[in-house]
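Structure first, then comments.
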Amino acid sequence: MGQAALKPEHMPLAEAKSVTFVEAGRPAATVAAGERYEALDALRGVAALMVVLFHCEILSHLNDWTLVRRGEAFVDFFFVLSGFVIARAYSGRLGSGTELARFALLRVGRVWPLHAVMLALFVAVEIVKAFVPAFGAGGDPAFSGANAPSFILSNLLLVQAFGLDGELSWNTPAWSISAEIAAYAVFAFIVFLGGRRWPLFMAATLALALFVLAHDAEGMATTARLGAARAILGFAAGALLAGATRGDRKADAEPGNFVLATMAELAAATLVVLLAFVPEGDWRTFLAPAGFVIAVHVFAREGGALSALLRTRPFVALGGLSYGVYMVHMFINLRLLNVASLADKAFAAGWRLPAGEGPAFAPKLDFGGAWAGDLATVALIAFVIMAAALAKRFVEDPGRRFARRMAARL
């Protein structure tokens, strides 16, 4: 469909012995004090932008790129990376009911507040549409279709990827957050019940998820129906990688030959791009989690030139905002469509393209040709990043602090 460094004071007391890396706001891979997986952090931000571009409906040169049209596949990168970092952080510290409760509080406290705020904003827009019908697109009355009131409860409880509704609704990208909640729960109980043998049970879980998806018509394209199984598949793969590569960061990074490390990073990046080009419905889409596992393993070492680039301040900052970028972008995309509808009706701007048959997220907006669309797309991305920064400051961080306080009391 998964940020930033977690400082000791940000964690429960039992976890405050090391500085960790947070994936998509989820907990982090424990490493030696003062270290972070900065390259992976940045890659998560890049993956979030690929999803933004996939959902962008502006006529542009970018919209036609095959890699962009397959951007939804990068959601599976979040699942793999989440499994890797959470297993690194928690595979040895979920041995009691109290630790399970802390884990649940921290995970839900990290992802749910912004999800709830975005859901409230979507509901608010539907209320506006009820009083100002022109704000919506044609054939899009308030509280209809994917925004029906019947879908609110499942979204609020983050269970919309459990097959209850059968279709995406409201802030549609949030299906992956719901799916990852399922993966968190499965992981926690496997570690709690399996102890040191948790990798064996996790491997069996991966095989079961793969079997379920392989026998489903949607396969790796599933979201609302079997999204939980898709998340568990990627999460389990990442967790098994963490279990197979135990050890501190310095041991993982040696011998650190720069040229060889750069070649490995280029090969891993090429593999990911090639897998992203696989068309939806092709059996090779099931190889995507394996490709992401290789990429996570290679870039966790941070030994090459690509890692050095990813560890620069702009990329690391993007990684810290990636959860917000992922959660706010659809709302902003849809509001742009609303504004275009109003402009067309008020000034005959001609920005809205006629609705017709075509691939998912085919262009619906034309601001004056592809070049103008490229500029509009860049502006949209900039706006999404700014909105994500505000969301982090006023929603994510307060929510995380509250969850930590509650967890510390257990």
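Computed from the C-beta positions of residue 382 and residue 127 and an R0 of 35 Å, the FRET efficiency is 0.80 to the nearest 0.05. With Rg and the Kirkwood Rh both taken from Cα atoms, where does Rg over Rh land for the stretch 109-259? When Rh is taken as the Kirkwood radius, the ratio is 1.12.
The simple Förster model, with R0 at 35 Å and r as the Cβ-Cβ distance, assigns residue 66 and residue 214 a FRET efficiency of 0.90. Considering only 103, 200, 386, and ranking their Cα positions along the charge dipole of the chain that arises from unit charges at the beta-carbon of Lys, Arg, Asp and Glu, the one farthest toward the positive end is 103. The Rg/Rh ratio of the stretch 4-408, with both radii computed over alpha carbons and Rh defined as the Kirkwood radius, is 0.96. The gain in end-to-end length when the residue 150 to residue 408 segment is fully stretched comes to 89.3 nm, 0.36 nm per residue minus the alpha carbon separation.
Evaluated with a Cβ-only charge set (Lys, Arg +1; Asp, Glu -1), the chain carries a dipole of roughly 1420 debye about its Cα centre, given to the nearest 20. Normalised Debye scattering of the stretch 100-150 at q = 0.19, 0.26 Å⁻¹ gives log10 I(q)/I(0) of -0.67, -0.93, counting only Cα atoms as equal scatterers and leaving out solvent. Full extension of the segment from residue 343 to residue 196, taken as 0.36 nm per residue of separation minus the current Cα-Cα distance, would add 46.8 nm. Evaluated over the stretch 4-408, the count of Lys pairs having alpha-carbon atoms less than 18 Å apart is 5 (only pairs 8 or more residues apart or interchain). Subtracting the Cα-Cα distance of residue 313 and residue 262 from 0.36 nm times their residue separation leaves 16.4 nm of extension gain. Only helical runs count toward this figure. For the chain, summing -39,500 (n - 2.57) over DSSP H runs of n ≥ 4 and dividing by all residues gives -19500 deg cm²/dmol at 222 nm. Remark: 401, 352 ranked as 401, 352, counting other beta-carbon atoms within 10 Å and listing the fewest first. Put the Cα centre of the stretch 81-150 next to the Cα centre of the stretch 202-234 and the gap is 21 Å.
Taken together, the values in this text are just the output of simple stated rules run on the coordinates, not laboratory data. On a predicted model such as this, the values are computed, not experimentally measured, just so you know. Please note: Cβ atoms are built from the backbone with ideal geometry, for glycine as well, and neighbour counts cover all protein chains shown.
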